[in-house]
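Undergrad: Take a look at the following structure, please.
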Amino acid sequence: MRPFLIAANWKMHKSPRDTRDYFTTILPKFEACGVAKDPSFRKIIFFVPALDLQAAADSLKGTHIGWGAQNAHWETKGAFTGENSPAVLAELATPYVLVGHSERRALFGETDEQTGLKVKALHSVGITPLLCVGESLEEREAGRTNEVIVRQLNAGLSQRDATKRVIIAYEPVWAIGTGKVATPEQANDAHAVLRKALAAFGQAVADATPILYGGSVKPDNSAEIAKQPEIDGFLVGGASLETDSFLALCQTPKDRS
Ligand code: PGA
């Protein structure tokens, strides 16, 4: 059984002090409601700004909650001003890194080919990549959703280490930060397409790989989305920044029977 996975993407929000305060507030609440107790059943991960990684690691070590970076370069060192080395992230004991988030693709020119190189580099240092895929509004309206997300998936996984894990997030670009959420059916259909494409890498890969939905997930729409059978969790931006809304999202019911 795949765990239900709720991941926060803080984007470029919060300082190390904010990070420590956030965890000081939320950890006792997680403890009280028990949502973070059994990671084989329900897993929570925070993707924090690189400058907050140490604060997140200090706050979260000894818990079942994961943390990760939002980007890494595909080389371990070199003349790449401003980039994060996968080797250094590994030295900092970072368990997860986002790859190919739509903001990286659209604002920083990250290409399909680069996502493949990044997944390979992260696997080589023992970090689990969370690969994001998703179509623009224009692509959806042109009926190209499936073609685009399968292309992004295949490129991202093209150089992976087949013995290592990946996590996938389907995030329609038109739903990110817009308040426009995909309907549960639209999301489930896209997830089913991705699950089928994953089967080309082996049925075991398709069965074991969590596929998260991201794009304006909020406490008032999460339960409906989670009811869809192909949806294994969420990648949450805006609603992860406040402890109350994120705590509510982490408690979203998921029927695994
Ligand atoms: P949002 O962001 O929840 O604010 O739409 C999701 C994401 O970018 O991962």
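Undergrad: Taking the Cα centre as origin and putting +1 on Lys and Arg beta-carbons and -1 on Asp and Glu beta-carbons, what dipole magnitude results for segment 93-158, to the nearest 20 debye?
TA: Roughly 280 debye, rounded to the nearest 20.
Undergrad: I would also like to ask the following. Distance in nm between label sites at Glu113 and Ala79, each 7 Å beyond Cα in the beta-carbon direction?
TA: Calculated label separation equals 2.0 nm.
Undergrad: Which value in Å does the Kirkwood hydrodynamic radius of segment 162-255 take, with 1/r averaged over all unlike C-alpha pairs and then inverted?
TA: 13.6 Å
Undergrad: So for the chain, averaging the separation of alpha carbon pairs under 8 Å that are six or more residues apart and normalising by length, what relative contact order in percent results? Intermediate results must be reported in sequence, preceding the final value.
TA: Working: 492 pairs, mean separation 50.3, N = 257.
The normalised contact order for the chain reaches 20 percent.
Undergrad: Let me ask something else. Within 10 Å of each candidate Cβ there may be at most 13 other Cβ atoms; applying that plus a DSSP loop requirement, which trypsin sites (Lys or Arg not before Pro) in segment 170-214 survive?
TA: Here the sparse-neighbourhood loop sites are Lys180.
Undergrad: How many angstrom lie between the Cα centre of segment 155-228 and the Cα centre of segment 9-56?
TA: Taking the Cα centre of each part, segment 155-228 and segment 9-56 sit 22 Å apart.
Undergrad: Under the rule a/c < 1.5 gives rounded, and otherwise a/b versus b/c splits prolate from oblate, where does segment 31-82 land using the Cα gyration tensor? Before the final figure, lay out each step's value.
TA: Numbers: a/c = 3.63, a/b = 2.48, b/c = 1.47.
Verdict is prolate for segment 31-82.
Undergrad: Sticking with this one: At 0.36 nm per residue, minus the direct Cα-Cα distance, what do Leu137 and Ser15 gain on full extension? Give it in nm, one decimal, please. Walk me through the intermediate numbers first.
TA: Values: separation 122, 0.36 × 122 = 43.92 nm, distance 3.28 nm.
Length gained between Leu137 and Ser15: 40.6 nm.
Undergrad: Label-point separation (nm) for Met1 and Thr63, each offset 7 Å from Cα along Cα-to-Cβ?
TA: Here the modelled spin labels are 2.3 nm apart.
Undergrad: For segment 45-91, which chymotrypsin sites (Phe, Trp or Tyr not before Pro) pass both filters: DSSP loop (anything but H, G, I, E, B) and at most 15 other C-beta atoms within 10 Å? Working shown, then result.
TA: On the way: sites: Phe46, Phe47, Trp67, Trp74, Phe80; in loops: Trp74, Phe80.
Those satisfying the criteria are Phe80.
Undergrad: What FRET efficiency would be calculated for the residue pair Ser124, Lys196, taking the C-beta separation as r and a Förster radius of 41 Å, to the nearest 0.05?
TA: 0.90
Undergrad: Cα to Cα, under 16 Å, and not fewer than 8 places away if on the same chain: which lysines meet these conditions relative to Lys180?
TA: Straight-line reach from Lys180, under 16 Å: Lys218.
Undergrad: Follow-up. Among rounded, prolate and oblate, which fits the chain when a ≥ b ≥ c are the square roots of the eigenvalues of its C-alpha gyration tensor, a/c under 1.5 means rounded, and a/b larger than b/c means prolate?
TA: Rounded is the answer for the chain, as its axis ratio a/c remains below 1.5.
Undergrad: Carbon and sulfur: what percent of the chain's accessible surface (1.4 Å probe)?
TA: Ligands and nucleic acids excluded, carbon and sulfur give 54 percent.
Undergrad: Between Leu92 and Lys164, what is the FRET efficiency for a Förster distance of 22 Å, r being their Cβ-Cβ separation, to the nearest 0.05?
TA: Taking R0 as 22 Å, the efficiency between Leu92 and Lys164 is 0.70.
Undergrad: Also, I was wondering about something else. In the structure shown, do any of Lys164/Lys227; Lys77/Lys196; Lys14/Lys227 have a Cα-Cα gap over 30 Å, and if so which? All intermediate terms of the calculation are to be shown ahead of the outcome.
TA: Values: Lys164/Lys227 28 Å; Lys77/Lys196 36 Å; Lys14/Lys227 32 Å.
Correct reply: Lys77/Lys196; Lys14/Lys227.
Undergrad: Please report, in debye to the nearest 20, how large the charge dipole of the chain is about its Cα centre when each Lys and Arg carries +1 at its beta carbon and each Asp and Glu carries -1 there.
TA: It works out to roughly 540 debye.
Undergrad: Please state the shape class of segment 32-140: rounded when a/c is under 1.5, otherwise prolate if a/b exceeds b/c and oblate if not, all from the C-alpha gyration tensor. Before the final figure, lay out the partial values.
TA: Details: a/c = 2.10, a/b = 1.32, b/c = 1.59.
Note, shape of segment 32-140 comes out oblate.
The values are calculated or read from the model by the stated rules, or taken from the named source; none is laboratory data. For clarity, every value in this text was computed on a predicted model and none was experimentally measured. Using ideal geometry, Cβ is built from the backbone for each residue, glycine included, and neighbour counts are taken over all protein chains shown. Please note that ligands, DNA and RNA were not included when accessible areas were found on the heavy atoms of the full protein model with its side chains. Shrake-Rupley method; radii C 1.70, N 1.55, O 1.52, S 1.80 Å.
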